[in-house]
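First up is the structure itself, then whatever we jot down about it.
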Amino acid sequence: SQPVAPSQRVIVSARPFRLDIMEGRDVLMSLNSRGLLAFEQLRMRKDTFSYKVTSTVASVWDNIKRKAKEEEEKVEDGMWEETFKSHSDSKPNGPSAISLDFSLPGVEHVYGIPEHADTLRLKTTDNGDPYRLYNLDVFQYELYNPMALYGAVPVMLAHNAQRTTGIFWLNAAETWVDISSNTAGKTVFGKMLDYVQGSSETPQTDVRWISESGIIDVFIMLGPTPKDVFSQYASLTGTQSFPPEAAVGYHQCRWNYNDQEDVTSVDAGFDEHNIPYDYIWLDIEHTDGKRYFTWDPHKFATPKEMLQGLMDKKRKMVAIVDPHIKVDSNYKIHNEIRNRAFYIKNKDGGDYEGWCWPGSAGYPDFTRADMRDWWASMFAYDQYEGSMENLYTWNDMNEPSVFNGPEVTMHKDAVHGAWEHRDVHNLYGFYVQMATAQGLIRRSGGVERPFVLTRAFFAGSQRYGAVWTGDNAAEWDHLKISIPMCLSLGLVGISFCGADVGGFFKSPSTELLVRWYQTGAYQPFFRAHAHLDTPRREPWLFGPENTALIREAVRQRYTLLPYWYQQFYHSHRTGQPIMRPLWVEYPQDPATFALDDEFLIGKMAQDDKHFTFRKLILTCVPQVWFDVHTFQKHNGAQNLYIPVTISSIPVFQRGGSIIPRKSRVRRSSTCMMQDPYTLYVALNPQRTAEGELYIDDGHTFNYEKKEFIHRKLFFANNMLSSENLAPDAQFSTRSWFERIVILGASKPSKVTLKTADGQESQLEFDFDASMSVLTLRKPSMNAGLDWNVMLQ
C-alpha cells in the first residue's frame, strides 16, 4: 500500500481483527469490519501421513489420528476432490480458500474488476452470483452477467464526489467478488425522500473478495483523485506499453484469409476503394496443420514474398501464435519443449495434454523464466522461417483453452513446478504475452517496439501490448457493451483495447456494420474480425453508399492519428487511461458517475448513443463543446438533443483544447509520417486553449534516448504559441503546419507569424462569421520549432 499521509492514520483493533484507514474523523476504508476474514489451513490427508512414531509419543500420535479420523468423517464432499461434469480435480492440500471484506463509507459507485460484459458501474450481487474472475474461453458470452470471461484484473475503484480509492487484490487463483450496498434498489426519489426526512444513514458499499487459494496480498490506493489512483496502480504494475504508431491505425482480419492470393486481393481492394489500413491478419489456417511458427506449404508457400509485397506499400501483417502445441514427433517446436521438460505436468508427473485446434496438444509452462526465454528465441528470423520485420503476433486461446478440460480450460491440479495450476491460472495468458513481446523485441536486437494482441490477461498485461474483448456477436447490444467493457479495462491500466468491429459471430446488418466502424474508429484498438463461417465483409462489399460511410469513419481515425499517438505516449508515461469515463475528468459531478455510453479521449468526447435518429448527449459541466465535423458550438451544463443520421459520428472537442490532425490521408500511417499538420484550436469562454504535439520515429525505442519532439501549444491574449517541453530531446521532422483552425474566434484585422529566428510574416486567413471559425492558410512553420501567431 502507499505510505499514509500525515493527515491520515490507521487504526487496528481486534475481536474480530479490523483495520480502519482514517482521515481526520472520517473513515476512508475499513478492512474486516464485517468479520469475513477467513483462510483455510493447508493440510494433508490422513492416508498420506508417513511419520515414524516412537513409543514415547505413541499415545499422543494415537490421539492425533483419532481426532483426524473424526474430522475426516465430518468433511463434506469436495474436501479432497471436486468434480465438474465428467471432470475431476484432486485437492492435495484440501480446501485452501481465503477471504476478506472491505467497507467503503460514503461510496455508492464502484468500478473495475474486468473482464465482464456488463455496465461500467458494478452492480450489487446480493440477489445473484458474485462477479467471477477466472480466465475462460467462453463461447458466445452473455451480456449483463457477472460470469467469468477471457481476462481477470482484480482491481476495483471506488468513487464519490470527494475521493477516489482503489483495491488491488493480488491473487491469480479463481476469485469471486461480492458487492452490497445500503442504497441498492433505492430510486433517486427514494434517496431524496431520505434526505427530506432527515435520514442519517450514510451510503456505504461493502465488498468481499474470495479466492480459491493463495495468500491475502492487498494493495490499498488512497487517491484522493482518479489520476492519483491511476498513478499509484501504475507504480505497482507498470504502464501501458508504447505501441508502434502503425498499431494505432486500422487492422483488417478474419478467420481466415485463404491464401497468399487472397491476401494480395484484399490488400488491393483497400487501395481500389481508397480506404487506409496498416495491418492485415492471418488466423490459425495459415499454419501447417495448426503447427505454430509454420506456414501452410501450399496456401502460403512463399510468405516472405507476401510480406515483402506489404512492406513495399508500407503495410504490415499479424499472424497468430497460440500456446497449445501439437503433439507430433515431426514438429520441431514440440520436440524442443518436450526434450527441455518445459511442458506443464499433470498431477501424476507426466506431460499435461489436452485437446485444442491441432488435436492432442501440450501446454508450455510459461511461468518458468527459462521457458519464456526459449519461446522468445523462437521469434528470431532464423528460427521462425518466413518471418520478416513487418510480421507481428497475436496470442489467442491463452486462458488456456483446453477443449476437453473442465469449463474448457486446464485442470486445476496440473502442476507448474511447485505450484498447482489452481494457484496461477489467471497468470497464464499474461506470461504468454510477456514471452511473445520479448521475442519480438529480441529479434530486432532491442531496437523495434513490438505489437502483440492477447485474449487472456491479468494485472500488468498492459506492459506487453493490446487486448480485445473476445468472441462477441454481430448484435446491437454487443456493440453497445463494447464501450463499458473498454472503459473498465482502461480504469485498471489496460488502455490498448477494442472489440471486433462487426461482431465475431453471426452476420451484421449493413447499418450495424457501419455504426460499428463509426464506434471502433474512436476506440484505442481498431480491428475488424469475423468467424470462419460468416460471409465476407470487407468494407467495400455493401454497396457504394455504405463503402463511403465506412471509408469516412476509417479516414477520421487516420486524420486523428497524431492525437491518438500522443495519448498513447501520455498513457505510457503516466498510467492514465486513454479512453475514459466522464467521471474521471469531472470527478465532482454525480451526473457522470453512471454514464457508460459517452466517453473521453483526452480533450475529445464521443457519444455512442448514436443508434437512434435523435440522441441525448449529457454535457454535464459548464464547458464549451464544438462538434468536430460542423464546428457547431454547444454550451455545457445542459442536456442536448442532437439529430443523428447514418452519416453522423457524434464527436466533440472541448473548449480550451488544441488538437493536431493530419488531413492528407494515405494508404497507411507510415506513408503519412512526414505529412503536414492542421491544428484545431477550440477556445473556451476565457478565450484560451492548450494542447500538445508529440512526434518520434513511430516504431523504435529511440524515444527512450530522448529522440522525440514534445511541444506545448497554447493560445492566450490572442496569440498562439509553440513551446518546447523537452529541451534536452533531439529529433527533427520535415512535417510542417499547413493550416490552423480556431473555433470560437473573432475576426482579426491581420495575422502575424513570428518564427524562432525573429522573422515576421503576414498570414492569409478566412473567417466564417456564422460559425465564428477562423482559418489560417499555409503558415508553413516546421512542427518541431518555436513560433508565435498573433491575431490583431
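The values are calculated or read from the model by the stated rules, or taken from the named source; none is laboratory data. Nothing here was measured: the structure is a model prediction, and the numbers come from that model. Cβ coordinates were reconstructed from backbone atoms using ideal geometry, including for glycine residues, and neighbour counts include every protein chain displayed.
Figure legend. Inter-residue proximity from the stretch 587-612: first residues crowded, with 20+ Cβ neighbours inside 10 Å and at pLDDT below 80, second residues in a loop (DSSP other than H, G, I, E, B) and of a type in the set (D, E, K, R), beta-carbon distance below 6 Å, spacing 6+ or different chains. Indicated pairs: 608/597. Among the residues making up the stretch 723-740, those that are within 32 Å of the chain's Cα centre (by Cα) and either among the polar types (S, T, N, Q) or closer than 19 Å to residue 765 by Cα (or both) are 724, 730, 732, 733, 735.
Applying a threshold of 7 Å to beta carbon distances and a minimum spacing of six or more residues, or different chains, the list of pairs starting in the stretch 410-429 at a residue that is assigned to a strand (DSSP E or B) and ending at one that is charged (D, E, K, R) reads 415/345; 415/347; 416/365; 420/412; 420/413.
Confirm whether residue 70 is more than 39 Å from the chain's Cα centre (by Cα), modelled with pLDDT under 90, exposed (fewer than 14 other Cβ atoms within 10 Å of the Cβ) and assigned to a helix (DSSP H, G or I). Yes: the conditions hold for residue 70. Selection within the stretch 617-655: residues that are of a type in the set (A, V, I, L, M), modelled with pLDDT under 90 and farther than 22 Å from residue 551 by Cβ. The member of this set that is surrounded by the most Cβ atoms within 10 Å (Cβ to Cβ) is 617. With respect to the conditions (1) over 18 Å from residue 471 (Cβ atoms); (2) assigned to a loop (DSSP other than H, G, I, E, B), residue 518 lacks only one, and its number is (2). Scan the stretch 709-721 for residues that are touching a residue at least 24 places away in the same chain (Cβ under 8 Å) and surrounded by fewer than 19 Cβ atoms within 10 Å (Cβ to Cβ) and the total you get is 5.
So is residue 445 out of contact with any strand residue (DSSP E or B) (no Cβ under 8 Å at 6 or more places or on another chain), over 20 Å from residue 154 (Cα atoms), surrounded by fewer than 24 Cβ atoms within 10 Å (Cβ to Cβ) and touching a residue at least 24 places away in the same chain (Cβ under 8 Å) or not? Show your work before the answer.
Working: out of contact with any strand residue (DSSP E or B) (no Cβ under 8 Å at 6 or more places or on another chain): yes; over 20 Å from residue 154 (Cα atoms): yes; surrounded by fewer than 24 Cβ atoms within 10 Å (Cβ to Cβ): yes; touching a residue at least 24 places away in the same chain (Cβ under 8 Å): no.
No, not satisfied.
Return yes when residue 203 is at pLDDT below 95, buried (at least 17 other Cβ atoms within 10 Å of the Cβ) and not aromatic (Phe, Trp, Tyr) and no when it is not. No.
Pairs linking a residue in the stretch 462-482 that is at positive phi to a residue that is among the basic types (Lys, Arg) and assigned to a loop (DSSP other than H, G, I, E, B), with Cβ atoms under 9 Å and 6 or more positions apart or on different chains, are 470/455.
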